Structures are given as C-alpha cells and as structure tokens.
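Following: one structure in structure tokens, then a few remarks.
Every number here is computed from the coordinates shown, using simple stated rules; none is lab data. These figures come from a predicted structure and were not determined experimentally. Cβ placement follows ideal geometry from the backbone for every residue including glycine, while neighbour counts extend to all protein chains displayed.
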Amino acid sequence: MAACRVGRRDSGLLPDITLSLLALATDPDPSVRLAAAEQLALSSDRSATVADTLADLLVEEDQLIRLEAAYGLVLRDDPRTAEAIDRVGELGPGFEHDHRASALWTWRWQRNRATAR
C-alpha cells in the first residue's frame, strides 16, 4: 500500500498501481479494502472503472470504507454521489473536522443551494 501511495505521483506507474488497487478493493480483509478505497479516492485516475469500484464499496458494512468511497465519488463529481452520501449514514462524534465528511457536506450544500435558485 505504501508503494501505491508513493507511486501514484508517477503517471507512468499509475496504470499498474490502479490495477493493484482495484484488486485490493475486493480483498477479504476489510482493512485492506479500506486502504485501497483511500488510495482509489485520491487517485488521479478518473476512469469509470475506478468510479465503479468506489461505488461498489458503498455496500460495505464498515462505515469508514463507505466514507472513503463516497469521498472519492465527491472528488469526481460522480452522478452517484448523492446516493453515496446517503449510504455513508450519520457520522458520529470525531468527524467534526474530518476532511472527507466536510467534502460530503460541502457537496450536498452546493447542490441544495443550486437547486434552490
């Protein structure tokens, strides 16, 4: 995972890193899926395959995995973002200053404001 994190800045390595992360997103270990979701969310790869994988992670039992997946969809302004935010559910204490939670809130606020005009 550390190699994926460091290597994602190298556009020549991005395709191989993306393939590795896509495989890790289906790993049986939830901690591995969480780490893969985090890296895919931040990836500069804006392909439909990455977005679809993030959307697939929204069914995870682990709320942090769903949060990372929704954050990745927010960053891509994916059409599934509203549903993704709903699937994250209510975030409890400790998320008041979380950049991912803030991004979800900001995305929803901007959409609500745009439709109110």
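Where residues in the range 29-38 are over 12 Å from the mean Cα position of the chain (by Cα) and in a helix (DSSP H, G or I), which of them is farthest from SER11 (Cα to Cα)? Quick ask: steps written out before the conclusion?
First, pick out the residues of the range 29-38 that are over 12 Å from the mean Cα position of the chain (by Cα): 29-32.
Now restrict to residues that are in a helix (DSSP H, G or I): 30-32.
Working: PRO30: 28, SER31: 26, VAL32: 23 Å.
It comes out as PRO30.
Among the residues of the range 1-20, how many are in contact with a Leu (Cβ under 7 Å, 6 or more places away or on another chain) and without any contact (Cβ under 8 Å) to a residue 24 or more places away in the chain?
Of the residues in the range 1-20, the ones in contact with a Leu (Cβ under 7 Å, 6 or more places away or on another chain) are 4, 7-8.
After this cut, where a residue has to be without any contact (Cβ under 8 Å) to a residue 24 or more places away in the chain as well, the list is 7.
Here the count works out to 1.
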